[in-house]
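Single-structure report; data block below.
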Amino acid sequence: MAQMGRAVGASLTLPPLSAMAQQRANNVDKRKVNIALCGLGRYANVLKAGIAASNYCHLAGIITGTPAKATQWMTEFNIPHKNSYTYQTFDQIIHNPAIDLVYITLPNGLHKEFTLRAAKAGKHVIVEKPMAFTPQDCQQMIDACQQAGVQLAVGYRLHYDPHHIELKRLGQHKVFGQVRLIEASLGYRLAGIPPDDWHLKKALAGGGPLMNLGVYCVQSARYVLGEEPLAVTAQFGPVTMPDLFREVEENITWQLYFPSGAICTSSCTSNCSIDRFYASADEGYFELEPALSYGPFKGRSSQGAFDFPVVNQQAAQLDDIAQHILSKKALPSHIAGEEGRRDMRVIEGIYRAATTGQKVNLV
Ligand code: NAD
C-alpha cells in the first residue's frame with residue numbers, strides 16, 4: 001500500500017515546504033478522518049478494504065438497517081456500539097464527535113435524503129454515483145452541504161487511477177493532436193438478478209444501466225476532452241429480458257457532441273459485458289480495456305503499451321479526500337458535488353433524447 005501512496009502522490013505537483021511547514025504537514029498527516037459507512041451492501045464491502053488500505057481514514061461507524069450486519073461489522077472493525085446507527089436513529093449522529101464523515105453507499109434513490117441528513121448533522125459527505133436523479137436534486141445537496149459548512153464529494157474513484165490520469169493528459173494536452181472520436185462503453189449481464197432487486201426499480205435506481213454505469217462513460221469523455229458536451233442524441237436498445245426490465249431500460253446508446261467537434265459514442269447495457277475506452281486523435285490513438293471497472297486496467301497508445309501500477313482506487317480516493325479535509329482545503333472541483341451535478345445534467349439529457357428521439361441541447 002505504501003507503494004500505492006507513492007504512485008498517487010507522484011501525480012501531484014507540490015511546492016517545496018519550509019521546515020516548519022513540513023513539521024505542520026507531518027502533524028496533520030498523523031490524524032485520520034473518521035468515516036461512517038451508510039448502507040452495508042456490496043460496495044461498502046469494497047470500501048472497507050479501501051479504508052483499511054488507506055493512510056488517512058479510519059472506519060469509525062456504521063449505519064445499517066440489518067441488526068446482524070451491525071453486530072458483524074462492529075466485531076470485525078472494533079466499532080463501539082455508540083457509533084452504530086440505524087436509518088431511523090441516524091440523525092443522532094449530530095451528537096457524535098467521533099464521526100467526521102458519512103460515506104453513503106445506499107441505493108441511488110436514497111442518496112439525496114441521506115446527504116441532506118448528514119449535512120444537517122454537520123458531517124462531511126461522500127456520496128456514491130450517480131449523485132442523485134436530477135441536477136436540481138444535486139444542487140440541493142450542494143447547497144445543504146455549503147450551508148452546513150461541510151464538504152461534499154462524489155465517489156469518483158477513476159480520477160485516482162494512473163491509467164485515467166494518463167488518458168486525461170493525452171487528451172487534454174493533445175499529445176496526439178485533437179481527439180476526434182471517443183468510444184466509451186460499460187455493461188454487465190444481469191440475467192440472474194432477482195426481479196425485486198433495487199437496480200430494476202425506478203424509484204430506487206432512477207433508471208437502468210445509464211444510471212448505474214453511465215457516469216463513467218460521460219465522465220471519461222468530459223475529462224479526456226476537457227470540454228462540456230453541447231448536445232446529445234440517444235437511443236434505447238432492445239429489451240431481451242422483459243420480466244426483469246419492466247421499469248428501467250436494459251440497453252441504451254448515446255452520442256455526445258463537443259464544442260471542438262469531437263463526438264463520443266457510448267453504450268451502457270445490462271445484457272452483455274463490455275468495459276472499454278478508445279480515443280482516436282489526429283496523430284494517434286489511446287485506449288483502455290478493461291477501462292472503467294475496478295480493473296486491473298490494460299492500455300496502450302500508438303506509442304506503445306501503458307505501464308502503470310495497479311492501485312487500490314478506493315484507498316487512493318479516500319486518502320486524497322481525507323487529506324483535503326484534514327488540512328481544511330476545499331475538495332478539487334472534479335470530484336466535488338458540482339461535478340456530480342454536471343454529470344446528471346448530461347444523463348438527464350441522454351434520457352430526454354432517447355425518449356423523444358430528438359437531439360437535445362445541453363447548453
Ligand atoms: P447493494 O444493494 O449491494 O447495497 C445497498 C445497501 O443499501 C444494502 O446494504 C441494503 O440493505 C441497503 N438499503 C437500505 N435501504 C434500502 C432500500 N430501501 N432498498 C434496498 N436496499 C436498501 O448496492 P451496491 O452495489 O452496494 O450499491 C450502492 C451504491 O453504491 C449505489 O448508488 C451504486 O451506484 C454505488 N456503487 C458504486 C460503485 C463504484 O465503483 N463507485 C460500485 C458499486 C456500487
Residue 310 vs. criteria open to solvent by 60 Å² or more (accessible area, probe 1.4 Å), at pLDDT below 95, in a loop (DSSP other than H, G, I, E, B) and among the β-branched types (Val, Ile, Thr):
yes
Taking the criterion of being open to solvent by 10 Å² or more (accessible area, probe 1.4 Å), part of a strand (DSSP E or B) and touching a residue at least 24 places away in the same chain (Cβ under 8 Å), would at least one residue in region 130-137 satisfy it?
no
Which members of region 61-91 meet the condition of being in contact with a strand residue (DSSP E or B) (Cβ under 7 Å, 6 or more places away or on another chain), over 17 Å from residue 127 (Cα atoms) and not hydroxyl-bearing (Ser, Thr, Tyr)?
70, 73, 74, 77, 79, 83
Among the numbered conditions (1) closer than 25 Å to residue 316 by Cα; (2) more than 16 Å from the ligand (Cβ to nearest atom), tell me where residue 148 comes up short.
(1)
Please determine, by comparing only the residues of region 81-106 that are open to solvent by less than 10 Å² (accessible area, probe 1.4 Å), more than 11 Å from residue 117 (Cβ to Cβ) and in a strand (DSSP E or B), which one is nearest to the ligand (Cβ to nearest atom).
103
If you scan region 118-128, which residues turn out to be within 13 Å of the ligand (Cβ to nearest atom) and surrounded by fewer than 24 Cβ atoms within 10 Å (Cβ to Cβ)?
128
Checking residue 279 against (1) in a helix (DSSP H, G or I); (2) surrounded by 21 or more Cβ atoms within 10 Å (Cβ to Cβ), only one condition comes out false. Which one?
(1)
Can you work out which of the residues in region 333-351 that are in contact (Cβ under 8 Å) with a residue 24 or more places away in the chain and open to solvent by 30 Å² or more (accessible area, probe 1.4 Å) is farthest from residue 217 (Cα to Cα)?
338
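Condition check ((1) in a strand (DSSP E or B); (2) touching a residue at least 60 places away in the same chain (Cβ under 8 Å); (3) polar (S, T, N, Q)) across all residues:
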| site | (1), (2), (3) |
| --- | --- |
| 214 | no, yes, no |
| 217 | no, yes, no |
| 221 | no, no, no |
| 227 | no, no, no |
| 235 | yes, yes, yes |
| 241 | no, no, no |
| 247 | no, no, no |
| 255 | yes, no, yes |
| 264 | yes, yes, no |
Sole residue being on the phi > 0 side of the Ramachandran plot, open to solvent by 20 Å² or more (accessible area, probe 1.4 Å) and over 20 Å from the mean Cα position of the chain (by Cα), chosen from 177, 226, 149, 237:
149
Kindly indicate whether any position in region 50-61 is touching a Ser or Thr at 6+ places or on another chain (Cβ under 9 Å), under 17 Å from residue 319 (Cα atoms), of a type outside the set (S, T, N, Q) and modelled with pLDDT of 50 or more.
no
Restricting attention to region 282-300, which residues are assigned to a strand (DSSP E or B) and either closer than 19 Å to residue 251 by Cα or open to solvent by less than 10 Å² (accessible area, probe 1.4 Å) (or both)?
286, 288
Say whether the condition of being closer than 25 Å to residue 103 by Cβ, outside any helix (DSSP H, G or I) and more than 16 Å from the ligand (Cβ to nearest atom) is met by at least one residue in region 320-328.
yes
Of the residues 70, 53, which is of a type in the set (A, V, I, L, M, F, W, C) and within 12 Å of the ligand (Cβ to nearest atom)?
70
Conditions (1) open to solvent by 30 Å² or more (accessible area, probe 1.4 Å); (2) of a type in the set (Asp, Glu); (3) within 16 Å of the chain's Cα centre (by Cα) -> residue 113 fails only (3)
So residue 163 passes all but one of these: (1) within 16 Å of the ligand (Cβ to nearest atom); (2) outside any strand (DSSP E or B); (3) in contact with an Asp or Glu (Cβ under 9 Å, 6 or more places away or on another chain). Which condition number does it fail?
(3)
Does residue 144 satisfy being at pLDDT 95 or above and in a helix (DSSP H, G or I)?
yes
Residue satisfying condition, being farther than 26 Å from residue 234 by Cα and at pLDDT 95 or above, within set 182, 165:
165
Six or more apart or on different chains, Cβ atoms under 6 Å: show the pairs whose first residue is in region 142-161 and under 13 Å from residue 132 (Cβ atoms) and of a type in the set (Lys, Arg) and whose second is more than 16 Å from the ligand (Cβ to nearest atom) and at pLDDT 95 or above.
none
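The values are calculated or read from the model by the stated rules, or taken from the named source; none is laboratory data. Source: prediction; values computed, not measured. FYI the Cβ positions are ideal-geometry reconstructions off the backbone, even for glycines, and counts take in every protein chain you see. Just the protein is used for accessible areas: all its heavy atoms, side chains included, with ligands, DNA and RNA removed. Shrake-Rupley method; radii C 1.70, N 1.55, O 1.52, S 1.80 Å.
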